[in-house]
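Before any comments, here is the structure.
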Amino acid sequence: MNKWNTRFQTENYVYGKEPNAFLEEFHKKMNISGDALAIAEGEGRNAVYLAGQGMKVTTWDFAESGLVKTNKLAKERGVDVSTELVDLNEANWSKDKWDEIVCVFGHFPSELRQKTLEGVKEAVKPGGYFLTEVYSPYQIPYKSGGPQNLDFLYKPEEFLKTFADWRIVHLFMGEVARHEGELHTGLAHVIQFVGQKPKK
């Protein structure tokens with residue numbers, strides 16, 4: 001994990017300052033408000049965007065340098081974002097806490113990934129949403145970003161199984177063009193998922 005702390009210790013934002021294209025596109029269609037949590041949020045581009053949309057945003061990341069850049073970007077954009085240094089292996093997933101949780105290109109070993117998805121399921125409020133865009137196993141030959149280790153890449157059935165009792169708002173696997181900083185550039189193979197937790 002320390003590689004991320006090192007990676008973000010630069011003046012430039014390695015994934016850019018603008019939000020993920022899928023997150024931005026989907027938020028324009030959906031009227032989501034309230035408390036948002038952005039996990040594995042890196043340098044804060046998505047959190048700052050959500051704060052700009054009027055949400056009360058908290059970010060979790062294990063790279064302190066990423067949190068510093070999140071605060072810097074939030075100040076630059078005139079919004080407030082709460083940053084927390086969190087190792088997802090030890091995360092405290094409070095039940096029914098968040099109106100939305102987002103995870104953009106947050107990649108972890110399969111065991112931690114499943115634990116994280118279960119945590120997300122627990123922590124979203126009834127009626128709330130989980131939104132994610134991540135790389136699929138087909139991404140490796142594309143060379144446009146993401147892990148080169150298959151164990152870190154998502155399969156669509158992980159979302160279908162974990163969130164089987166949720167309303168699936170959107171599920172897509174396929175090619176997209178991404179130009180997000182110097183490390184995510186070009187044609188990519190992704191999975192997009194938006195699910196809504198059933199209301200009680």
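The values are calculated or read from the model by the stated rules, or taken from the named source; none is laboratory data. Computed from a predicted model, the values in this text were never measured in an experiment. Quick reminder, even Gly has a Cβ in these numbers, built from the backbone with ideal geometry, and neighbours come from all protein chains shown. These accessible areas exclude ligands, DNA and RNA; they are computed on the full protein's heavy atoms, side chains included. Shrake-Rupley method; radii C 1.70, N 1.55, O 1.52, S 1.80 Å.
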**Prompt:** Dividing the alpha-carbon Rg of the stretch 3-197 by 2.2 N^0.38 Å yields what?
**Reply:** 0.94
**Asked** Under a plain spin-label model, where a point goes 7 Å from the Cα along Cα-to-Cβ, how far apart in nm are ASN92 and MET30?
**Response** 2.7 nm
**Item:** Size of charge dipole - the chain - debye, nearest 20, with Cβ of Lys, Arg +1 and Asp, Glu -1, no other charges
**Value:** 420 debye
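Which order do peptides 181-190, 67-76 fall in by mean Cβ count within 10 Å, highest first?
So the order, starting with the most tightly packed, is 67-76, 181-190.
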**Prompt:** With labels modelled as points extended 7 Å from the Cα through the Cβ direction, what inter-label distance (nm, one decimal) is found for GLN9 paired with LYS200?
**Reply:** 4.6 nm
**Asked** Taking the stretch 156-200 as the region of interest, what is the percent of Cα-Cα pairs per 5 angstrom bin, listed from the shortest bin to the one with the maximum distance?
**Response** 5, 19, 23, 16, 14, 13, 7, 3, 1
**Request:** At a Cα cut-off below 16 Å, give the lysines reachable from LYS75, other chains included and same-chain residues fewer than 8 away excluded.
**Result:** LYS17, LYS56
**Request:** Starting from the Cα of ALA177, step 7 Å along the direction of its Cβ; do the same at TYR138; then give the gap between the two resulting points in nm.
**Result:** 1.9 nm
**Message:** Among the listed pairs LYS69/LYS200; LYS97/LYS161; LYS29/LYS95; LYS161/LYS200; LYS29/LYS69, which have their C-alpha atoms separated by more than 30 angstrom in this model?
**Reply:** LYS69/LYS200
**Message:** To check you understand DSSP bridge types, tell me what percent of the beta bridges within the chain (both residues inside) are antiparallel, rounded to 5.
**Reply:** 50 percent
**Fill in**
Within the under-14-Å Cβ sphere about GLN53, not counting GLN53, Lys/Arg +1 and Asp/Glu -1 give a net charge of -2
**Asked** How much of the accessible area of the stretch 46-125, in percent, comes from carbon and sulfur atoms when a 1.4 Å probe is used?
**Response** 45 percent
**Asked** Residues of the stretch 3-197: accessible area per residue at 1.4 Å, in Å²?
**Response** 45 Å²
**Request:** May I ask you to give the percent of accessible area on the stretch 157-200 that is carbon plus sulfur, with a probe radius of 1.4 Å?
**Result:** 57 percent
**Complete:** Between the residues GLY174, PRO109, GLN139, the Cα farthest towards the positive end of the dipole of the chain, that dipole coming from +1 and -1 charges on the beta-carbon of Lys, Arg, Asp and Glu, is from GLY174
**Request:** Once you have the Cα-Cα distance between VAL68 and LEU112, take 0.36 nm times their residue separation minus that, and quote the gain in nm to one decimal.
**Result:** 13.4 nm
